[in-house]
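Inspection log for the structure reproduced underneath, given as structure tokens.
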Amino acid sequence: MELITTRYKNQVAGLLNCFDRIVLTGNLLQYCRSQGMEGYLRDNNIRCFDFQNMLGKPLADSLKKHAHTLAESAGIKVEYLEKSDIRKESHVQNILDKRGGQPGLVCILSCTEGCNRFIPQYFKDKKYTGLLMKPGKCLHYYFYFIDELLGLCYLRVPTWLPCRVQFYCNGHNLLAGKLRKKHIDFTMADNCFTAIDSFEIANKLAADINVAEIEQRLKYYVDSFIPAIEQTFPDKYYWSIMQIELATDITFKDESVLPGIYNQLVSTAVHTVKVPDVASFLGAGMPRTKLDNFGNSLKKTVEGVRLKHSYGKHSVKMYDKFNQVLRIETTSNQVNLFNTRRLVQHKDGSQSMANAAIPKSIRSLPLLFEIMGASNRRYHEFISAIEDFSAGRKNLKKVTAPVTENSRNYQGINFFNEADDELLLAIFSGAFTIAGFRNQDIKRILNQKTGKISRCIKRLRVHGLIKRIGRTYKYYLTDLGREVIATGMKLKELYIIPRLNFTHP
């Protein structure tokens, strides 16, 4: 299959894989649960009903006092946002336009937001007094700062225990810092690169995730912004991944090429990409239960048009950023839904290779770079197959003519024949993209006899649409098969059927 980057190689400046939005949560593992905090109270001779007065309120007051002290020393004020509809990003950008991009504390914002909190409770059934975790609202502080390596970041701090903090940074800013150190020139627009002197070096730097260095910087900012937590509890913050995005940017040399390509991509993908296809991009199996969030959506932004394919806690998106960058982006709000073959540590201390969920730990970043990069690559291959109309027509002719093999004739594929259409849709399912399909899989979908399915499979093989996997009884779509079927589907769904819809016989 000819990829978009190959087809337009003279117009493409380069391709870049890089983390975009990274949101981490920090927890005091020993004290983020009721039992752990109860143990701390017992060790310090504090009654549960004295929790708020002797521990909660003094700690909150200390956090507030230190925030105002930091603001005063930096020559800024703590700004309280009364309205919830105020966009913090826009507010911070207005400050940066006046302040500049030099490293240091940018601003401190405060607002009242929801969080979980401990409240004392007497449990009648167990006949003891303890702590209960309940949702509530408290004062939060947002410390926005510019780090020399990570760029613009924020640390979100609730003033109520268990004080679960949130950290944000952008992988493109991290890469920009690395490029500056290597003295490689680049041009950025918002959160994407519109030009880089060496895309090859940039890709290597983006894939080189130094987790230990990030953890060290996180510890530094926790010590700087909320020292009272570190001084009160012996436990250190454990960082896990809350949300992460990996972007694959295809950068064009000028703004005249992408708009025409993108319009074709969006108009086709919004109709042809189904839930099984999104599952195949993500390397996931079809869910046994109904997903809460799935489907396609189009949204127009200041930067361009965004097409989003939702799949539960994951999504695959496509953007045309500034008419120059075609972005494919995989987003996950629950990374442990990804599975991969990795080294698993067992409770008895032994280790073995097994298929297991990705841990939420920050140390999973390098592994997620590979998994989410593979998702973007599959989507890139998919849209490359449906984007080239001329190649689709050429390949369509190859499979419509009859073929003779061993003195036996095999009819060509007819996209306007209902039986052929059902067969092609069955083998084109995203559920078979990774593992392939067997006779029984197609039989279950089409509800046909085994002998008839075998003849259909033979017919598809002689026309070059499918290929057998080694010495197994499994088959997979060839590049020719994927291109021709995608083009045929687009021709029917986007042109023929809509035009005939309002035609009366």
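Only the coordinates and a few stated rules stand behind these numbers; no lab work does. Owing to the predicted nature of the structure, the values given are computational and were not obtained by experimental measurement. Quick reminder, even Gly has a Cβ in these numbers, built from the backbone with ideal geometry, and neighbours come from all protein chains shown.
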Sorted from largest to smallest, which semi-axis lengths in Å does the alpha carbon gyration tensor of region 218-281 give for its equivalent ellipsoid, taking the root of 5 times each eigenvalue? 46, 19, 8
Lysines with Cα under 24 Å of LYS64, excluding same-chain neighbours fewer than 8 positions away: LYS77, LYS83, LYS88, LYS134, LYS137, LYS219, LYS236
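Would you please put 131-138, 112-119, 308-315 in order of how densely packed they are, using the mean number of other Cβ atoms within 10 angstrom per residue and starting with the highest?
Sorting 131-138, 112-119, 308-315 by mean packing, highest first, produces 308-315, 112-119, 131-138.
Which value does Rg/Rh take for region 347-505 over its C-alpha atoms, Rh per Kirkwood?
Answer for region 347-505: 1.09.
Using Cα pairs closer than 8 Å and at least 6 residues apart in sequence, work out the relative contact order for the chain, in percent.
Working: 831 pairs, mean separation 75.7, N = 505.
Result for the chain is 15 percent.
Take the Cβ-Cβ distance between GLU113 and ARG42 as r, set R0 to 45 Å, and report the resulting FRET efficiency rounded to the nearest 0.05. Let's see the in-between values first.
Details: r = 31 Å, r/R0 = 0.68.
Plugging the Cβ-Cβ distance into 1/(1 + (r/R0)^6) gives 0.90.
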Long-range amide H contacts for LEU29: which residues qualify at under 5 Å (H placed 1.01 Å from N, peptide plane, sequence gap of 5 or more or a different chain)? TYR238
Which order do the peptides 318-328, 434-444, 182-192 come out in when sorted by mean C-beta neighbours inside 10 angstrom, highest first? 318-328, 434-444, 182-192
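Please compute one quarter of the surface area of the Cα convex hull for region 233-373 and express it in square nanometres. If you can, show how the numbers build up before the last one.
Details: hull surface 49.1 nm².
Computed as one quarter of the Cα hull surface, the answer is 12.3 nm².
Please compute the net charge surrounding ILE442, taking Lys and Arg as +1 and Asp and Glu as -1 over other residues with Cβ under 11 Å from its Cβ. Intermediate values should be presented prior to the final figure.
On the way: positive: ARG438, LYS443, ARG444, LYS452; negative: GLU422, ASP441.
Overall, the nearby charge balance is +2.
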From zero up to wherever the largest Cα-Cα distance of region 33-163 sits, split into 5 Å bins and tell me the percent of pairs in each. 2, 9, 17, 18, 15, 12, 10, 8, 5, 3, 1, 0
Hey, how many Å between the Cα centroid of region 154-232 and the Cα centroid of region 442-505? 47 Å
Would you please give the residues with an amide H less than 5 Å from that of VAL106, counting only those at least 5 places away or on a separate chain, with H modeled from the backbone geometry? TYR144, PHE145, ILE146
D (Stokes-Einstein, µm²/s), Kirkwood Cα radius, the chain, 1.306 mPa s at 10 °C: 60 µm²/s
Normalised Cα Rg of region 455-505, dividing by 2.2 N^0.38 Å with N its residue count, works out at 1.60
Rounded to two decimal places and with Rh computed the Kirkwood way over Cα pairs, what is Rg over Rh for region 147-200? 1.17
How much of the DSSP bridge set in the chain is antiparallel, in percent, rounded to the nearest 5? 95 percent
What does the net charge come to around LYS178 if you take all other residues with beta carbon closer than 12 Å to its beta carbon, with K and R at +1 and D and E at -1? +1
Note on the chain: helices (DSSP H) long enough, at least 27 Å by alpha carbon along their axis, and hydrophobic enough, mean Kyte-Doolittle at least -0.5, are 365-387
Partner lysines whose C-alpha sits under 19 Å from that of LYS449, ignoring same-chain residues fewer than 8 away, are LYS458, LYS474
